[in-house]
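Just below is one structure, and these are the notes that go with it.
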Amino acid sequence: MERKKISNSLFIIVTLAIIAVVIITKTVMVLNERHEEKLIYAMHSKVEYNALKCYREDICKDSITLQTLYDNNYLKDELIDPITKEVISHDLEIKYENDKIVINW
């Protein structure tokens, strides 16, 4: 019984295809991770901006919760975690310390 030989060109094509799949997979994973980071950053920035606005207008004092921002119409829609698609707890604690907003995520 005779064995068929694998040609060099077929071996090169298969190797290049495997390399391409690995590179594409890694690239997609990195891009997805960056996208998720930007979504989380946007959500955090929205809360920080509106909380800072509330404190600077002297409506919010000391420590507040996310519910306070909803009640004072600083946030119109419920915040939803962009990754897990769950509603962010209204009991999220927000503080204003040293001219910075500190959120206990």
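Just checking, which of Asp58, Asp71, Asp62, Asp77 is at positive phi and out of contact with any strand residue (DSSP E or B) (no Cβ under 8 Å at 6 or more places or on another chain)? Full working, then the answer.
Values: Asp71 fails: at positive phi; Asp62 fails: out of contact with any strand residue (DSSP E or B) (no Cβ under 8 Å at 6 or more places or on another chain); Asp77 fails: at positive phi.
Among Asp58, Asp71, Asp62, Asp77, only Asp58 is at positive phi and out of contact with any strand residue (DSSP E or B) (no Cβ under 8 Å at 6 or more places or on another chain).
What about Leu10, is it at pLDDT 95 or above and more than 25 Å from Lys100 (Cβ to Cβ)?
For Leu10, the condition - at pLDDT 95 or above and more than 25 Å from Lys100 (Cβ to Cβ) - is not met.
Tally up the residues in the stretch 49-74 that are without any contact (Cβ under 8 Å) to a residue 12 or more places away in the chain and surrounded by 15 or more Cβ atoms within 10 Å (Cβ to Cβ), please.
0
I'd like the residue in the stretch 10-48 that is within 27 Å of Lys76 (Cα to Cα) and β-branched (Val, Ile, Thr) and, out of all such residues, is surrounded by the fewest Cβ atoms within 10 Å (Cβ to Cβ).
Selected residue: Ile40.
Take the residues in the stretch 81-105 that are among the β-branched types (Val, Ile, Thr), assigned to a strand (DSSP E or B) and in contact with a helix residue (DSSP H, G or I) (Cβ under 8 Å, 6 or more places away or on another chain), then tell me which one is farthest from Lys38 (Cα to Cα).
Ile94
Restricting to the stretch 64-80, name every residue that is farther than 14 Å from Ala51 by Cα and outside any loop (DSSP other than H, G, I, E, B). Give the derivation first.
Within the stretch 64-80, the subset farther than 14 Å from Ala51 by Cα is 77-78, 80.
Result: Ile80, single match.
Here is a list: Lys4, Lys61, Lys38. Which entry is in a helix (DSSP H, G or I) and either under 30 Å from Asp91 (Cα atoms) or not hydroxyl-bearing (Ser, Thr, Tyr) (or both)?
Lys38
Go through (1) of a type outside the set (Lys, Arg); (2) touching a Leu at 6+ places or on another chain (Cβ under 9 Å); (3) loosely packed, with under 11 Cβ neighbours inside 10 Å and name the single condition Ile83 misses.
Exception for Ile83: condition (3).
The values are calculated or read from the model by the stated rules, or taken from the named source; none is laboratory data. Note that the structure is a prediction, hence the values are computed from the model and not measured. Note: ideal-geometry Cβ built from the backbone for every residue, glycine included; neighbour counts use all protein chains shown.
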